[in-house]
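Asker: Below: one structure in structure tokens.
The values are calculated or read from the model by the stated rules, or taken from the named source; none is laboratory data. Please read these numbers as outputs of a predicted model, since none were measured by experiment. Cβ placement follows ideal geometry from the backbone for every residue including glycine, while neighbour counts extend to all protein chains displayed. What goes into the accessible areas is simple: the full protein's heavy atoms, side chains included, and nothing from ligands, DNA or RNA. Shrake-Rupley method; radii C 1.70, N 1.55, O 1.52, S 1.80 Å.
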Amino acid sequence: MISEPIKELDAMGYINKKIKNWYTDKEVSVLNLVTTPYNTSSVLEDLIKELINENKKVLYITNREEKSIEVLKHFKQDKSIKSYSYFRSGDTNINSHIIFTNHENAIYFNRDFDLIIYDDIEGYSNYSKMEIQVLLNFLYKYSPKIIAYSMEPIFLNSTVIEVPCFRGKYLIAEPRTISTRIDLNRDIPYIMYDYLTWFIKLKRKVIIYTPNDENANRVYEYLLALKENLNTLIHRFKGDKKDRKLEYLLKSRDIPVIVVTNYFEDYFENINNIDIIVFNADNRIFDYKKLIYFCGKVSVYNNSKGEVLLLANEVTQEMEKAKDITRKYNKLAWERGLFS
């Protein structure tokens, strides 16, 4: 595991060299690249380009939409890279040097590749560590080299390279737990009202996540009753990515807004000045992966550091695990001198 201090200016080159050294090592077949959610995937590009120039084949698995895949966007702009494809369905007998596909479709590629990459960093996916392990164990026989780019090691007892966050100027937010005895299905503790008023005063965008549709509607109605006191806009988001009103509110720098949702797919990344409150954070739907990606949302793209507040009746193991992992990210960043 890499732990020695590195300078921010040469960190990318340092990581690229480590990845290439791993690839040329014939005795090591799998690699864990571990980093913060929403970090750049460009650390993979040098090796991929080198393999393409050698006429080799790469399978790139990511659950991002085609238009949002960073590596693919860069290759489309790079005139020297011409042989790439994105597979949705149909015949898998594609002759491109690099094929992009998602978790669900990757299992159909039962043929040989020189490298398989699973990128679980660019955006949130519902696939657990175990589900990713199962897929990569199946694909293992089709490639001598596999990279898992994730927020935690996927392969057990295998090489780990810790990748610093190249996006954002802040440490990743460590979630703050707020315990209450109040029945969160009926009421909201006063301390949460204080937080909301403070965020609104700072003209922040506050995203409130709830476990399900029923909870979201209840919280939304409760906040509507406090609208005059809060003196801000309150919006209920149901997952419609064509919600133009919300899009306008999120892009408006000086308009504070509270958004209530139970939609967990990636939508609120790439937005400045957001804070996240998780209602009923002890609900089992909020596993540590979701909570860590919430921390990534308020940290990576923010011009000012955001908060993640976990409102719950009791502290769960998932909440503690999310705290431990985000703390580890920050400890490593300090040790490397990236924020000194």
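Asker: Peptides 31-43, 73-85, 151-163, 256-268: what's the order by average Cβ count within 10 Å, highest mean first? Intermediate values should be presented prior to the final figure.
Answerer: On the way: 31-43: 22.4, 73-85: 13.3, 151-163: 17.7, 256-268: 20.5.
Descending packing order for the listed peptides: 31-43, 256-268, 151-163, 73-85.
Asker: Of all accessible surface on the chain at a 1.4 Å probe, what whole percent is carbon and sulfur?
Answerer: Using a 1.4 Å probe with all protein chains present, the chain comes out at 47 percent carbon and sulfur.
Asker: Now for a different question. Suppose a student asked you for the relative contact order of the range 12-153, using Cα pairs under 8 Å spaced at least 6 residues apart; what percent would you report?
Answerer: Relative contact order, the range 12-153: 36 percent.
Asker: With every protein chain kept in place and ligands, DNA and RNA left out, what is the accessible area per residue of the range 218-259? Probe 1.4 Å, answer in Å². Let's see the in-between values first.
Answerer: Numbers: 2710 Å² over 42 residues.
Dividing the accessible area of the range 218-259 by its residue count gives 65 Å².
Asker: Among (i) 0.92; (ii) 0.99; (iii) 1.10, which one is Rg/Rh (Cα atoms, Kirkwood Rh) computed from these coordinates?
Answerer: Here the calculated entry is (ii).
Asker: Okay, next question. Using Cα-Cα distances under 8 Å and only pairs 6 or more residues apart, what relative contact order does the chain have, in percent?
Answerer: For the chain, the relative contact order is 22 percent.
Asker: What is the extension gain from Arg111 to Tyr193, computed as 0.36 nm multiplied by their sequence separation minus the C-alpha to C-alpha distance, in nm to one decimal?
Answerer: Contour length minus Cα-Cα distance gives 23.9 nm.
Asker: If Met12, Met192 are ordered by their accessible area, calculated over protein heavy atoms with a 1.4 Å probe, which sequence runs from highest to lowest?
Answerer: Listed by decreasing accessible area, they come as Met12, Met192.
Asker: How do Arg64, Arg253 rank by accessible surface area computed with a 1.4 Å probe, from largest to smallest?
Answerer: Numbers: Arg64 40, Arg253 190 Å².
Accessible-area ranking of Arg64, Arg253, largest first: Arg253, Arg64.
Asker: Additional query: Measure off 7 Å from each Cα along the Cα-to-Cβ vector at Tyr142 and Leu202, then give the distance between these two points in nanometres to one decimal.
Answerer: Simple spin-label model gives 4.6 nm for this pair.
Asker: Now for a different question. Modelling each spin label as a point 7 Å along the Cα-to-Cβ direction, I'd like the Arg176/Glu228 distance in nm, to one decimal.
Answerer: 3.0 nm
Asker: Now for a separate question. Averaged per residue, what accessible area in Å² does the range 84-171 show with a 1.4 Å probe, protein chains only?
Answerer: That works out to 44 Å² per residue.
Asker: Run the numbers on the range 269-334 and let me know its relative contact order in percent, using alpha-carbon pairs under 8 Å that are six or more apart.
Answerer: For the range 269-334, the relative contact order is 43 percent.
Asker: Fully extended, how many nm does the chain gain between Tyr248 and Lys321 (0.36 nm per residue separation, minus their Cα-Cα distance)?
Answerer: Computed gain between Tyr248 and Lys321 is 22.8 nm.
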